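First up is the structure itself, then whatever we jot down about it.
The values are calculated or read from the model by the stated rules, or taken from the named source; none is laboratory data. Owing to the predicted nature of the structure, the values given are computational and were not obtained by experimental measurement. Cβ placement follows ideal geometry from the backbone for every residue including glycine, while neighbour counts extend to all protein chains displayed. What goes into the accessible areas is simple: the full protein's heavy atoms, side chains included, and nothing from ligands, DNA or RNA. Shrake-Rupley method; radii C 1.70, N 1.55, O 1.52, S 1.80 Å.
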Amino acid sequence: MRIRCPHCGERDNGEFSYLGDATVVRPDGMNASAEAMHDYVYLRDNPAGLHRELWYHGAGCRSWLVVTRDTRTHEIRDVSSARDVALARHTGDAA
Amino acid sequence: MRYSLFSVLGQALRGQKDWKPQWRDAVPRTEYDVVIIGGGGHGLATAYYLAKEHGITNVAVLEKNVIGSGNVGRNTTIIRSNYGLPGNIPFYEHSMKLWEGLEQDINYNAMVSQRGVLNLFHSDGQRDAYARRGNAMRLAGIDAELLDREQVRQMVPFIDFDNARFPVKGGLVQRRGGTVRHDAVAWGYARAADERGVDIVQNCAVTGIARENGRVVGVETSRGFIRAKKIGISVAGSSSLLASMVDMRLPIESHVLQAFVSEGLKPLIDCVMTFGAGHFYVSQSDKGGLVFGGDIDGYNSYAQRGNLATIEDVMEGGMALWPGLGRVRLLRHWGGIMDMSMDGSPIIDRTDIGGLYLNAGWCYGGFKATPAAGFCFAHTIARDEPHPVSAAYRLDRFATGHLIDEKGMGAQPNLH
Amino acid sequence: MTTMTLRRSDADIAAETPERSQAYRVARGGLVDRRKLLDFSFDGTSYKGFQGDTLASALLANGVHLVGRSFKYHRPRGILSAGSEEPNAIVELRSGARREPNTRATVAELYAGLEANSQNRWPSLAFDALGINALAAPIFAAGFYYKTFMWPASFWEKLYEPMIRRAAGLGRAANAPDPDTYDRMHAHCDVLVIGGGPAGLSAALTAGRAGARVILVDEDFKLGGCLLAENQWIGSQAGVEWAAAALDELISLPEVRILTRTTLFGVYDHGSYGAVERVSDHLPVPGAHAPRQRLWRITAKRAVLAAGAIERPHVFGGNDRPGVMLAGAVRAYINRYGVLPGHKIAVVTSSDDGWRTVTDVLAAGGQIAAVIDTRRSVPHELRRAAESAGATVVTDGYVAGTRGHLRLKAIEVVDSYGSAQTIACDCLAMANGWNPIVHLDSHLSRKPVWNEDIHAFVPAAMPQGMVAAGAAAGRFTLAECLATGAEAAADAAQHCGFERKLYPVPGTEPESTGYTPLWRSPRIKGKAFVDFQNDVAASDVELAHREGFRAVEHLKRYTTLGMATDQGKTSNLAGLSIMAELTGQAIPSVGTTVFRPPFTPVALGALAGHHRGKDFRATRHVPSHAWCEENGAVFVETGLWLRPAYFPRAGEKDWLESVNREVNTVRSKVGICDVTTLGKIDIQGRDALAYLEKFTANPFGSLPVGKARYAILLREDGIVLDDGTIARLGENHYVMTASTANAAKVMQHMEFCRQWLWPEFDVQIASISEQWAQYAVAGPKARDTLRGVVDPEFDISNEAFPFLASANITVGGGIPARLFRISFSGELAYEIAVPAAYGDALWRAIMQSGTPHGITPYGSEALSVMRIEKGHAAGAEINGMTTAADIGLGGMLAKKKDYIGRLMKDRPGLTEPDRPTLVGVRPVDRSKRLRAGAHIIALDATPSLEADQGFLSSVAYSPSNGHWIGIGFISRGPQRIGEHVRAYDPVRGEDFEVEICSAVFVDPEGSKMHV
């Protein structure tokens, strides 16, 4: 498998480590509920199809990436910097 | 026809003409007391024990492909009950006991071979962790022995004790562990369940689960609607997909695990051996192929195939431990879809939906659990309460914190 | 019933002692180098062959057809093919530690002194005692073992299974360390061309001429593919000459890399391919510094699959008899190797190209005994040519059976009227059409599609940049091979940004490739094999059908069809076709087998490369490694690190004595320990503190500059992830340590939090584990020792630099350093860090400075003893299953801030009062040795899972206490101090009384750290 890191170019998946679902959002702050935290920590859609997921380029630039990949074929549709995605999401939250 | 030496000899004289299909390729009826979704080892065993232990025979097993085409036919065939946590120990030992009487019970030779499972350790810390586990097994009355280096050498003299990057210091062995001919487990349970009246319906994909007033009433399938009073989901690898039909999200991710077999060779290794300093374990099949594997690839996948980085990692572990493997050739490698759960342990439980039951989350340990998973899932379905040995495998344990995390890896499925 | 007999006829014995002088080599022709005569041996008999031979061609040149015994029935087997699809001719090659079982004689290149032996036979190949299995064949039908061997139950493991295991398997592995080495290469290209036959060469030329980076791989040692085996013309050149010219041109193209002896074995995601190059397998031993094989990991933007096709055998009785071969193979042995595989050759064909065999045999001076075409109409001129050469020609007929034992003697032919005749021959060539090699295509889970025109599966439309050409695409004529190869490559080059340019394809002779396969003979005499190597007969397919194993996956698994070392290359379709006939379905409705990698078996050594022995994984050395080695340290593997475990001195009788001395010296004087293995992380930025507050589970807000604090990290699920120390070196500058084992994990987690959870924080994180050497200097004389290296302007007195102080300092006259007053041992202690390049020098300087104070180096053992004496949790306690409360640190957790793990740690299961909690344990009989991993049960308990109350996680002999001590987790432990329980350790045969006590065994007030 090859992943096109936005900073380093296309690299073998051996350089990356995988965390999982990028669509779950951590309930932040003192008001977060245990139930919401449980869902965030434990429950997954686990789709057979397109999956937005977090990868870490540990043997490269140390960037966390959001990869959009088809879990049936492994085809990768998009790779973005996780920080950019997170900042955009936070901006979206504020707006 | 009952299987025995006499029937085999008799048929040899009659040109093998009188054998019948080992199970009926049933046409689904319109209604069943229980529908089991998934014709793998677990689903077939569940149907068998529903009939045998609970007298429930109006049962259909629905399989989208042909029976045994999922993980029961793609695993590395190991059985063992060498677990360390109280939630797991009685369950896997129950499974081991069922393996020990399986062939006579179902009249099918699944080649249960208790050749021993040897886990090597390479440091004092690993030794102590294995001692802890072995002692827990002994407390439960399960056989476990802690071997020193010389005792390990007697079992597997050919591994690299001295020059290896991580010297072998000893091992934990469970001699009752071993291997089973995996396909035969599916076929044997299918035949035995069929004999007791269970309908095995192949090429029947479930596309929806119908509910009325918070209870299931049947399944939509590629072969029409089938009414059912109770439905058991037993589709490891695809559990999330089935659960999504009733809007459930599970603490499960589907991952690819690769497995490997070498060309057939005259006997080399007489036990199952696990490398403690790399991702590699190996045994030899009755046909002579070395069957081996390592870690999961580590990403969500339904593709039933993996990538080279993991293959190299497994072979490196193999060669580091057993340098005599260099000229042995890899014949075939393949992948299976694993239900990787959030604490590395399975789920056998009711759900919040009346009449819907779940058997899932087996990670890469489902094969050894087949008899007990079927036994306990049947119990849960028939009695609406967990069997005592599977009582810890609750779906709500992630909310309550009663985790069963043998490896201590936390809520990250690809690390279990 | 089989016609086989154990009585040996004269002819059989004659067949065992063939002429030694290459009697079957034709006078001239072929591509072997007749000037290079090579000696080789098979089963101890010496033979001669030529450079350019394979073992199979050289054996055939010497009249040897019998080369092996089959898996189950031990039937005599010969050479079926001339390529990598070979199911029968598999031998043990070489000897000693280099023995290679299951080697296909058809692809083993001959070299001087080659030594091969047949396998799966005893006592000899010609007389195999287990040949008696053939008599029991009616019993040994598919799956018979599932129905028997069940009584009595215990006999399976004691008797039946050992018997089966000894009989099963084929070759014997050397099972000695492989003396050869393996290499690994990474290569990238625009266009990967798989296969060097006409289509592949045409493709490589087209892409290469366009300027694309091309890699051409072929499993053969010579490029040309079928051009080497057939008498065909391209333009004005013989096919062989055209191939040679193509090779010359490819060599001249700078961006083209040609890999022969290289099998593309697997296709992986996103243009990743695995190939193995047999660098030295054609040599007696690898040359100096040369590997045996090399793994190529190729990344290609586009690939042209030009792997060719595999010919199909006919299914008839005794079709496994030595001498029965594929027709294309017969032609290959004649044309490429100059070997006639028989004196009287018969041909059974369902295709036009089968007749080529007649032409080639006659051209080579051979005799054609008969041609049996299973079709009704046969080209007139072909028939006349055969008949004029004296051959019996039968149309609309078939072969029902064969005669002979160790070698084919005759075939039994049935004509269109159903009348049978026996025709004497010593070789039978089978031509039943071709199967495109779709294996590589299906590695990415795509199922091939049925093409009714050619009665074969062809590759499906291929995403991921691969396209098939030539015979692999079912385009069998030479003209199509050349044209489709060029077109595929032109498209591929264009995709990679090069000009799409097609060159004129040279003319070829008209070819007729029509065929109508005969899936199995209507009447079968004897056993008709579908899968030769696994001894799966047509009757086994019938049995599978009868017993309900009708789907392709069931057929395969129940009969083992296609699961031998050849992976069913010559058998899968035959099995499917018979099942289709039995079920009344079309072949594609029965299904297709998913071909799995590798295409042909790959040596494990090649996949592992150089990662074996000491090079399995990198070895990390601490900065003081050289000094430790010079001073006789005993090292221990800790993850990738090699750490000094202890430093024995002359006269010390065991490790324990050395460790005790180290501990005593630290507690009474001073010691130094290399703790560089700790993870070290630098945290800077305006929001560094805010970030740390959310990241750590204990409060940090009040930490002033110049101080350090113990830090607890939780996972989001509330379990302890790791612990460490965070020191504040500047207003917005922190350094943190993580445990050795968790260093990488903590770093990754910190980046996750920074980039993904809290991206708005202005904070940067860097791992500085490699950049800084760090040493613990501990003991009452630690300060005095350090004064010798710390530059004098820094006051490290207790008043100026108290417990938990931290600072940037300099040592040795201006070398930057960091000093932390932290203690793992419970003594007055510091950790001092310098840039790694100064690590060795600082260590030596501290040793020198400490010598007057009686300094000792101490290793990981003494470090561990002292932390257990102090009751500090480490890896055995922070094991991924314990909460902060479990390890006695629940009180430290912050109450008023949000942090990772805050909510989940409070779940009922993690806060139950009965949870095992960290306490100390000591033996009641102080002479007893505690063992970690022992469980705790009540004094009067009957051992059972229910009686289990916990376990010992870490133990040590405490020289400070004079007996063994332990820490561990015991249910309600802290409330049971003083209670006596049992340390139950049956795996080591121990069970004795211990006392629950405080986990702190030395200086419980903690006063020594503060002096």
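Structure summary
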{"item": "Viscosity 0.890 mPa s, 25 °C: Kirkwood-radius Stokes-Einstein D of the stretch C:908-1010 over Cα pairs, µm²/s", "result": "176 µm²/s"}
{"item": "R0 of 41 Å, Cβ-Cβ distance C:GLN494-A:LEU50: FRET efficiency to nearest 0.05", "result": "0.90"}
{"item": "Estimated translational D of the stretch C:803-844 in µm²/s (Stokes, Kirkwood radius over Cα pairs; 20 °C; 1.002 mPa s)", "result": "196 µm²/s"}
{"item": "For the stretch C:528-588, Kirkwood radius (reciprocal of mean inverse C-alpha pair distance, Å)", "result": "11.0 Å"}
{"item": "Cα-centred dipole magnitude for chain C, charges only on beta-carbon of K, R (+1) and D, E (-1), debye, nearest 20", "result": "1060 debye"}
{"item": "Residue-normalised accessible area of chain B, given per residue in Å² at a 1.4 Å probe", "result": "29 Å²"}
{"item": "C:ILE258 - accessible surface, heavy atoms, 1.4 Å probe, Å² rounded to 10", "result": "50 Å²"}
{"item": "Cα Rg, Dmax (largest Cα-Cα span) when computed across the stretch B:184-306, Å", "result": "19.8, 61"}
{"item": "Estimated buried accessible area (total), pair B and C, 1.4 Å, Å² to nearest 100", "result": "10000 Å²"}
{"item": "Whole-Hz couplings from phi, Karplus 6.51/-1.76/1.60, listed for the stretch B:272-282; x for Gly and Pro", "result": "8, 10, 10, 6, x, 10, x, 8, 7, 9, 8"}
{"item": "Protein-only accessible surface order, largest first, of C:GLU511, C:GLU161, C:GLU85 at 1.4 Å", "result": "C:GLU511, C:GLU85, C:GLU161"}
{"item": "Accessible surface of A:MET30 - all protein chains present, 1.4 Å probe, nearest 10 Å²", "result": "90 Å²"}
{"item": "With every protein chain in place, the stretch C:908-1010: carbon and sulfur % of accessible area (1.4 Å)", "result": "48 percent"}
{"item": "In Å, descending, principal axis extents of the Cα set of chain C", "result": "115, 73, 55"}
{"item": "Computed FRET value (nearest 0.05) for C:GLU630 with C:SER971, which takes r as the C-beta separation and R₀ as 41 Å", "result": "0.25"}
{"item": "Fully extended contour minus Cα-Cα distance, from C:PHE127 to C:GLU452, at 0.36 nm per residue", "result": "112.5 nm"}
{"item": "Cβ-Cβ FRET estimate between C:ALA187 and C:ASP925, R0 fixed at 60 Å, reported to 0.05", "result": "0.35"}
{"item": "C:VAL1011 accessible area, 1.4 Å probe, all protein chains in place, Å² to nearest 10", "result": "90 Å²"}
{"item": "P(r), alpha carbons of the stretch B:251-392 - 5 Å bins starting at zero, rounded %", "result": "2, 9, 16, 18, 16, 13, 11, 8, 5, 2, 1, 0"}
{"item": "Size descriptor, Kirkwood hydrodynamic radius, that averages inverse alpha-carbon separations across the stretch C:10-134, Å", "result": "14.7 Å"}
{"item": "In Å, descending, principal axis extents of the Cα set of the protein assembly as shown", "result": "115, 75, 73"}
{"item": "Gap separating the Cα centres of the stretch C:964-997 and the stretch B:343-416, nearest whole Å", "result": "32 Å"}
{"item": "Over chain C, relative contact order from alpha-carbon pairs under 8 Å, at least 6 apart, %", "result": "9 percent"}
{"item": "Extreme residue, positive dipole direction of the protein assembly as shown, given options C:ALA420, C:SER927, B:GLY39 (C-beta unit charges)", "result": "C:ALA420"}
{"item": "Signed unit charges on C-beta, dipole axis of chain C, positive-most listed residue C:ALA27, C:ALA210, C:SER797", "result": "C:ALA27"}
{"item": "Amide N of the stretch C:740-780 lying under 15 Å from the label point, which is placed 7 angstrom from the Cα of C:THR619 along Cα→Cβ", "result": "none"}
{"item": "Neighbourhood charge, 10 Å Cβ-Cβ cut-off, centred on C:ALA369 and excluding it, Lys, Arg +1 and Asp, Glu -1", "result": "0"}
{"item": "Accessible surface of the stretch C:10-134 [probe 1.4 Å, protein heavy atoms]: carbon and sulfur percent", "result": "52 percent"}
{"item": "Over the stretch C:908-1010, relative contact order from alpha-carbon pairs under 8 Å, at least 6 apart, %", "result": "34 percent"}
{"item": "Alpha-carbon centroid distance for the pair the stretch C:61-136 / the stretch C:225-298, whole angstrom", "result": "26 Å"}
{"item": "C-alpha center-to-center spacing [the stretch C:528-589, the stretch C:715-788] in angstrom", "result": "62 Å"}
{"item": "Alpha carbon convex hull of chain B, projected area averaged over orientations, nm²", "result": "20.3 nm²"}
{"item": "Considering only the protein assembly as shown, percent of DSSP beta bridges that pair antiparallel, nearest 5", "result": "75 percent"}
{"item": "Relative contact order (percent, whole number), chain B, Cα cutoff 8 Å, 6+ residue spacing", "result": "22 percent"}
